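The values are calculated or read from the model by the stated rules, or taken from the named source; none is laboratory data. Since this is a predicted model, take the numbers as computed values, not measurements. All Cβ positions, even for glycine, are placed from backbone atoms using ideal geometry, and neighbour counts span all protein chains on display.
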Amino acid sequence: MCNPPFYESEKEMISSAEAKQRPPFSVSASNSRKSLLSLLTNPQACTGANVEMVTVGGEISFVTRMIQESLELRERVQWYTSMLGKLSSVSVLVEKLMEHGNHNYAVTEFVQGNKTKRWAIAWSWTDLRPAMSVARGITGFPKHLLPFPSEFSFQVPEKSIDATAEKIDTEISSLPIQWHWRPVIAAGVGFAMENVWSRQARRKRRNQDSEVNKDEIDEKKATFGFKVQVKQERASANGVTVQIRWLKGTDTVLFESFCGMLKRKVEER
């Protein structure tokens, strides 16, 4: 976890402060450059010392070094995170992660008061997927730089929550998947070692004598983990919503395939 030096020079730090309509502690725009610098370096002000605010290459270089170090540490650290002072830095760093083959990352923003904004980037070399509200948390961020959506929802009209939940439990239970269903909350969590729901996989199982022991599936070694929940909004009495949350894995095609299969089964197509 890191809050890096934002600026690459003292000049950039001062220019950034001068560009704000309201510098720290309500300093008026007529203050001299000398007074502003004194405020910025004053321990009592809402800023850090120069050594905390300025580094060679600014925050992009600083976090880039973190990315390089993460290439060595890999899964020894589950998540690497850093706050950023500029929105433009987020795009640059996301592209650097993509260059290194990382597609499990998150971007978000923090609103501090009426005028101050900060941003954050996080990445992992593991296959545990963050929630979409966290991973895609910057409004207006370029779509091609956002991480792949980790949630998929669809509506089931004219069906009760109990009937939909029973259908989902029946369909997933028929597959060689480690599956834990909780009827009370109409939600379940599952783990699979591979695509076991495609037509090809079903034909393969029919031609084999042995069945996969679901209890032997290791969650840590599973290539795909998911959560399914059935919800009924108060305003919608004539249907329910099925939400599929991607919990674990790196294969986007696998996630999309599972979502498509379950949607077809529930809709009985």
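When we screen ILE185, ILE161, ILE172 for residues that are surrounded by 18 or more Cβ atoms within 10 Å (Cβ to Cβ) and either basic (Lys, Arg) or touching a residue at least 40 places away in the same chain (Cβ under 8 Å) (or both), the only hit is ILE172.
Within the stretch 114-145, being of a type in the set (Ser, Thr, Tyr) and modelled with pLDDT of 95 or more holds for SER124, THR126.
Here VAL111, VAL56 are screened, and the one residue that is β-branched (Val, Ile, Thr), under 30 Å from GLN229 (Cβ atoms) and modelled with pLDDT under 95 is VAL111. Set side by side, the residues ILE121, ILE168, ILE138 differ, and just one is in contact with a strand residue (DSSP E or B) (Cβ under 7 Å, 6 or more places away or on another chain) and not assigned by TED's automatic domain parsing to the domain that holds GLN68, which is ILE168.
Does the stretch 62-77 contain at least one residue that is within 27 Å of GLU256 (Cα to Cα) and surrounded by 15 or more Cβ atoms within 10 Å (Cβ to Cβ)? For the stretch 62-77, residues within 27 Å of GLU256 (Cα to Cα) and surrounded by 15 or more Cβ atoms within 10 Å (Cβ to Cβ): absent.
Annotation note: Cβ proximity below 6 Å between a residue of the stretch 239-262 that is surrounded by fewer than 19 Cβ atoms within 10 Å (Cβ to Cβ) and a residue that is at pLDDT below 95 and of a type in the set (Val, Ile, Thr) (sequence gap 6+ or interchain) occurs for GLY239/VAL156. Given the criteria touching a residue at least 12 places away in the same chain (Cβ under 8 Å) and closer than 15 Å to GLN243 by Cα, does SER198 qualify? Here the answer is no, as SER198 does not meet what is asked. Scanning the stretch 107-129 for residues that are acidic (Asp, Glu) and in a strand (DSSP E or B) gives a single hit, GLU109. Annotation: of all residues in the stretch 146-181 being modelled with pLDDT under 95 and in a loop (DSSP other than H, G, I, E, B), the one that is farthest from ASN238 (Cα to Cα) is PRO176.
Hey, can you tell me all the residues within the stretch 103-152 that are closer than 22 Å to GLU219 by Cα and among the polar types (S, T, N, Q)? Those that are closer than 22 Å to GLU219 by Cα and among the polar types (S, T, N, Q): ASN104, SER124, THR126, SER150. Scanning the stretch 182-200 for residues that are over 25 Å from the mean Cα position of the chain (by Cα) and either of a type in the set (A, V, I, L, M, F, W, C) or part of a loop (DSSP other than H, G, I, E, B) (or both) turns up PRO183, VAL184, VAL196, TRP197, SER198. Every listed requirement among (1) out of contact with any helix residue (DSSP H, G or I) (no Cβ under 7 Å at 6 or more places or on another chain); (2) more than 23 Å from ARG264 (Cα to Cα) is met by LYS96 save one, (1).
The residue that is nearest to ILE67 (Cα to Cα), among those in the stretch 123-137 that are touching a helix residue (DSSP H, G or I) at 6+ places or on another chain (Cβ under 9 Å) and surrounded by fewer than 20 Cβ atoms within 10 Å (Cβ to Cβ), is TRP125. Restricting the first member to the stretch 97-123 and to residues that are free of Cβ contacts under 8 Å to residues at least 12 places away in the same chain, and the second to residues that are not in a helix (DSSP H, G or I), the beta-carbon pairs closer than 8 Å and six or more apart or on different chains are VAL111/LYS117; GLN112/ARG118. Please work out if PHE224 is in contact with a Leu (Cβ under 6 Å, 6 or more places away or on another chain) and either farther than 30 Å from LYS96 by Cβ or assigned by TED's automatic domain parsing to the domain that holds CYS259 (or both). Judged against the criteria, PHE224 is a match.
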